[in-house]
Amino acid sequence: MISSKKIAYIETFGCQMNERDTEIMAQLLGRDGYEVTDDLDRANLVVVNTCSIRGKAEQKAMSMLGRLKHSKRKNPGLMVAVTGCVAQQEGRNIQERMAHVDLVVGPQSIYRLPELIDAIRTSGEKRTAIDQAASFAIPSLLPDSKRTSLLHKRFVTIMQGCNNFCTYCVVPYTRGREVSRPPGDIIDEVKHLVANNVREITLLGQNVNSYGQDRDDRDYPDFPTLLRKVAEIPGVVRLRFTTSNPKDLSEELMECFAELDNLSPHFHLPVQSGSDAVLKRMNRKYGIGQYLEKIEGLRRYCPEIAITTDIIVGFPGESDEDFAATMVLLEKVRYDGAYSFKYSDRPKTVSAGFDDKVPEEVKSDRLRRLQDRQQEITTERYRDCLGHIMEIMVEGESRNGEGQWSGRTGANQIVNFTGNPTLQPGQILKVRIDEACQHSLRGCLI
Ligand code: SAH
Ligand code: SF4
Ligand code: F3S
């Protein structure tokens, strides 16, 4: 039975941008009198925040929407909204294919969510809002602290969109052009968060290294300058950022790792492929030689830095030799971790029109080989930590059993340990690492 109370459920697919958008929507709905629930069956508004980065991500969101058709048959009062990158990409097509979808809202229009819902309730008509914003859409809206479980660490969006047009990628089409957020708004949001006991801040954007470059305005600092300003705010215990395109990684940004004590020694530097020929067709604008120089630079400024990456296997035309070059790259860099994906054609992208598509079995085989080898390297990197004393930030009690806690190192590795009830999430502790597992470390408090 659906009550007259306004109750919303939000399902999130995709990257940290979408997670952050979900937080913002939850806050906006909260202000509008909604209770945000984790129980889908209690809700009379369901928001599906979708991702379109690969075919599979889109299918997941679509199948959830398909299931909501039955829920709506049972509860005709249920309102269904689609947000995120599939909403932007498909617009009205979604409602044409799925009559039970009331509202489609692109990532740059989520701030209008409550107003759009009201309009549907009064008019009884469906709505679509997928305009791309020319200016930065995040109003100086401050996050509430009720929604996320990990209150000690939060994301702060510094820019929207992407101008890079890597040939495989849908993001420039779904998130629009790069728009940097005013630096004052960023600083104010970080200050507000630390005043509310947040201890770790992650600055978010698709390509944070080009922060400020879309503005002629002298008030906009470049990314290393912004990073220093945020690092100076008292109470920022750990600072992180994501994501960076290697072509824009400057020496000045590398220096920040030597200079800023609270900047966590972790760099996520997506390489995508180890072959120059493939990188060229991906329009990545760097070659492996330059990429390796950047890795060397980072390690020179910060020898303990953890480096992680993203890799696509089976990009159109990827030969056995190209793939072998990616395997060689794993040995050269010895990544602390890698996210790897099978190439997938996306709407509007240039590579969707390329010939020489790699057969599915070849992609699967390459992915497995790459993941197997990277797993070994990751475990070897974990083993390098044995016996070391490391600083961790407490995450919380873990599900591993009574008295078991987990935390994260500066490099973002998970460390499990036996704790005690006085510990608080966000607290910094020292542990000695005495076991390396497949996906985590085990340590003891000292
Ligand atoms: N802005 C980030 C990437 C965001 S998308 C960057 O440039 O690093 C996250 C990852 O998804 C990408 O790094 C890429 O590895 C993967 N990806 C993007 N498009 C893809 C596609 N069409 N098929 C498979 N993987 C893809
Ligand atoms: Fe996509 Fe490339 Fe932009 Fe990253 S830099 S979001 S991969 S277009
Ligand atoms: Fe997915 Fe859009 Fe993020 S496509 S990865 S939710 S920017």
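Annotations
- Criterion: free of Cβ contacts under 8 Å to residues at least 24 places away in the same chain and of a type outside the set (A, V, I, L, M) - qualifying residue of R346, R399, R369: R399
- The one condition in (1) crowded, with 17+ Cβ neighbours inside 10 Å; (2) touching a Pro at 6+ places or on another chain (Cβ under 9 Å) that T326 fails to fulfil: (2)
- The criterion of being at pLDDT 90 or above, part of a strand (DSSP E or B) and open to solvent by less than 20 Å² (accessible area, probe 1.4 Å) does not hold for I186.
- Helices (runs of 4 or more DSSP H) contained in segment 1-114 and holding at least 3 residues open to solvent by 40 Å² or more (accessible area, probe 1.4 Å) and not β-branched (V, I, T): 16-31, 55-74, 92-97
- Matching residues in segment 60-79 - criterion: being within 22 Å of P347 (Cβ to Cβ) and in contact with a helix residue (DSSP H, G or I) (Cβ under 6 Å, 6 or more places away or on another chain): A61
- Only one of K348, K363, K357 that is surrounded by 19 or more Cβ atoms within 10 Å (Cβ to Cβ) and not in a strand (DSSP E or B): K363
- Residues in segment 366-385 that are open to solvent by 60 Å² or more (accessible area, probe 1.4 Å) and outside any helix (DSSP H, G or I): D384 alone.
- Only one entry of T409, T422 meets the criterion of being hydroxyl-bearing (S, T, Y), more than 23 Å from L263 (Cβ to Cβ) and either touching a residue at least 24 places away in the same chain (Cβ under 8 Å) or surrounded by fewer than 20 Cβ atoms within 10 Å (Cβ to Cβ) (or both), and that entry is T422.
- Residue in segment 294-310 that is open to solvent by less than 30 Å² (accessible area, probe 1.4 Å), more than 17 Å from S244 (Cα to Cα), touching a residue at least 12 places away in the same chain (Cβ under 8 Å) and within 13 Å of ligand 1 (Cβ to nearest atom) present: no
- Subset of segment 18-52 (residues that are within 16 Å of ligand 1 (Cβ to nearest atom), touching a residue at least 60 places away in the same chain (Cβ under 8 Å) and within 21 Å of T128 (Cα to Cα)): N18, D21, S52
- Residue in segment 276-285 that is open to solvent by 40 Å² or more (accessible area, probe 1.4 Å), among the small types (G, A, S) and free of Cβ contacts under 8 Å to residues at least 40 places away in the same chain present: no
- Single match in K247, K229 (criterion: in a helix (DSSP H, G or I), over 18 Å from I307 (Cα atoms) and either at pLDDT 95 or above or open to solvent by 10 Å² or more (accessible area, probe 1.4 Å) (or both)): K229
The values are calculated or read from the model by the stated rules, or taken from the named source; none is laboratory data. Since the model is a prediction, treat every value here as computed from it, not as a measurement. Neighbour counts are summed over all protein chains in view; Cβ atoms, including those assigned to glycine, are modelled from backbone coordinates with ideal geometry. In case anyone asks, the SASA skips ligands and DNA or RNA and just uses the protein heavy atoms, side chains included. Shrake-Rupley method; radii C 1.70, N 1.55, O 1.52, S 1.80 Å.
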